Structures are given as structure tokens and as C-alpha cells.
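One structure is given below, encoded as C-alpha cells.
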Amino acid sequence: MTQNMLKFVSVNRQMPDKREADKRAKDFHEIYAEYIADKAKEQASRCSQCGIPFCQVHCPLHNNIPDWLLLTAEGRLREAYELSQATNNMPEVCGRICPQDRLCEGNCVIEQSGHGTVTIGSIEKYLTDTAWKEGWVTPFKIPRERDQSVGIIGAGPGGLAAGEELRRKGYRVYIYDRYDRVGGLLVYGIPDFKLEKDIVARRAKRLQECGIEFHLNFEVGRDASLEELRSRHDAIVIATGVYGPRDLALPGAGLNGIYNAMDYLTASNRH
Ligand SMILES: Cc1cc2nc3c(=O)[nH]c(=O)nc-3n(C[C@H](O)[C@H](O)[C@H](O)COP(=O)(O)OP(=O)(O)OC[C@H]3O[C@@H](n4cnc5c(N)ncnc54)[C@H](O)[C@@H]3O)c2cc1C
Ligand code: SF4
């Protein structure tokens, strides 16, 4: 193991290259290009395989980061991917948008000792993007179809993750969302330069292939009441997110031309 790992002393931290600014200014697509395979392996090999891995302790999902870094460094990418997705419903999304600097990477002992963190997020993104390219991300099979159904209000990451876990257990899952696309703020809040829309769309397609039914342009409170949904399903999950804006306590905050961020972002992303 030591042969492949603990390279933080000899290998510097390196992020994937940024795409050229003039290209980005034209398309506003993601900032970082892909790691090439050897770079991902090299960067994973910087991990010191801590006995108490603070990266994992500070990950809200407790992802088994040191083990999938080891597998990546050994070139066992499929196994690394399988491990990373075992605790995460959409690792390629977390690899792109998690605040790693405050979670896994910010608490990595190599960062704390001044060597520069292991680039956990970029490696996670590389692993799952590779898995999609290689066809390793397939619809899952359910052990047995149950009679009970669950209605989920909200097709954001919360609703999608709940839907996937319930479907894996065999429940019939119906997800309702007031918008015309699946993804919640992943689509209508976060701009393309951080997370491109097709990354979310392919997840939605896979969930559909697993048997989850989406009802879009369906607002609970307008197209059906909560009580009506309750009578349709055996259980309801409410995953409607947080949309109440915080008011600016500043002079001029109510002037014309000042909008709440979510109103602006939703309109801009829809466009
Ligand atoms: C600009 C921006 C940048 C962000 N960047 C990051 C980041 O870098 N990293 C990070 O971790 N997080 C980031 N976030 C936050 C992240 O997007 C949210 O935490 C996450 O999307 C919350 O997921 P959710 O499923 O709880 O809710 P949402 O994503 O808000 O989904 C809720 C869904 O419920 C639907 N809904 C609501 N009411 C009803 C109703 N009555 N009937 C039917 N459907 C309804 C909505 O249409 C929506 O699709 C960012 C958010 C924004 C706005
Ligand atoms: S804290 Fe850093 S060095 Fe330790 S296991 Fe996690 S990634 Fe590796």
C-alpha cells in the first residue's frame, strides 16, 4: 500500500486545468476540464490513509474517501466508483458543488500540515464521470415490487435521493414538481459554470428507468391538495426546499430593479 500512497511529500496538489477564459465567456459551461486518468491516480496517491480519516468524519455522508482514493491510485477505477456511490446518490454532483474546502478537503490532515489537501472533489467527479462514460452506471433492479406507493413532493436532490432509496426497497415512487424539469435548485438555482444541466438530466433519466414516475408542472396546492395526495399514496415525503428570501435590512432595498436572488436565478436558468 505505502508504495502507491503517501506521495504528498513528493507530489504537489494539482487541480484539473481550468478551461480557457475566452471559451468560457462564450459558453458559460463548467470552469474545470477533466483530469486525465494518470493525474487522478497521481493525485489520489497523495493520501496518507489516515487511521482516523478526518475527511470522512467531516463528510455529511461519511463517504469512505480513503478507500476509494487507494483504489483510484491502484487504477481500480470501477471498484473505486462502486465504493463512492455506495453512500452517495449522485457523487458526480457532490464532486462538482460540495463545499469541500469546509468539509472533507478542509479537514484533510495533509491540508492541516501545510502540504495542500488531497483533491477529493475533483477525483470523485472524475471517477463518476468515468463510470458514466464506461456504462457502469446502470438502472438498479429491485428485489420485489411492493403494493405500497410513496408520493414525493419536490424533485430537488432531497426528493430524488429519497425516491431512489425508497424505490430500491421496492416501493412505487411518484415524484411531483411544480417546475418542468427534474433537479430543483441543481437546475434552476446553480448556474452552468458549476454544474451543467445534462449531468442532472441523465440522473433523472436513470431514475425513470428504475421505475420512478415523475409528474412535472404539478404544483401541490394548485393542481392537487396535500390531502388529495395523501389519499393517493401510503406515505408522503415533503422535499420542497427553502425558498423564503432573507430581506436586506439596508436603505434602498425596496427600490425598483432590486430582485431576490432566487427570482433572478430561476428566470435566468430557465432562459
Ligand atoms: C445559486 C446557488 C448555488 C448553490 N451552490 C451550491 C453549492 O455549490 N454547493 C451546495 O452544496 N449547494 C449549493 N446550493 C444549494 C443547493 O442547491 C440546495 O441545498 C439543494 O438544491 C436543496 O435541495 P432540496 O431537494 O432540499 O430542495 P430544492 O433543490 O429547492 O428542490 C425543491 C423542489 O421542490 C419543488 N416544490 C416546491 N414547492 C412545491 C409544490 N408546492 N409542489 C410541487 N413542487 C414543489 C421545487 O420546484 C423544487 O424543484 C446552491 C443553491 C443556489 C441557489
Ligand atoms: S484526511 Fe486526507 S490524507 Fe487522511 S485519509 Fe482523508 S484524504 Fe487521505
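Rule-based calculations on the coordinates, nothing more; no lab input. Fair warning: this is a prediction, and the values are worked out from it, not measured in the lab. Using ideal geometry, Cβ is built from the backbone for each residue, glycine included, and neighbour counts are taken over all protein chains shown.
Before moving on, here are some points about what is shown:
- Cα centroid separation, region 140-157 to region 193-271 (Å): 19
- GNM remark for the chain: springs join alpha carbons under 10 Å apart, and the peak mean-square fluctuation among Glu227, Glu124, Glu105 falls on Glu227.
- Here the chain is treated with +1 on each Lys and Arg Cβ and -1 on each Asp and Glu Cβ, and its dipole about the Cα centre works out to around 200 debye.
- Between Arg230 and Asp198, the contour length at 0.36 nm per residue exceeds the alpha carbon distance by 8.3 nm.
- Proximal aspartates and glutamates to Lys41, defined as alpha-carbon separation beneath 14 angstrom and excluding residues fewer than eight positions away on the same chain: Asp67, Glu74, Glu79, Glu124
- Selected from Asp192, Asp129, Asp27 as most flexible by GNM, with the chain as the system and alpha-carbon contacts under 10 Å: Asp27
- A simple spin-label model places pseudo-atoms 7 Å from Cα toward Cβ; at Arg102 and Ile258 they are separated by 2.5 nm.
- Within the chain, DSSP assigns beta bridges of which about 5% are antiparallel (rounded to the nearest 5).
- Set of aspartates and glutamates near Lys133 by C-alpha distance (under 13 Å), chain-local residues within fewer than 8 positions excluded: Glu34, Glu92
- Computed about its Cα centre, the charge dipole of region 1-54 is approximately 140 debye, with only Lys, Arg, Asp and Glu carrying charge at their Cβ.
- Student exercise, region 149-238 dipole from Lys, Arg, Asp, Glu Cβ charges, in Debye to nearest 20: 280
- Available extension along the chain between Arg146 and Asp38 is 34.4 nm, counting 0.36 nm per residue and deducting the alpha carbon span.
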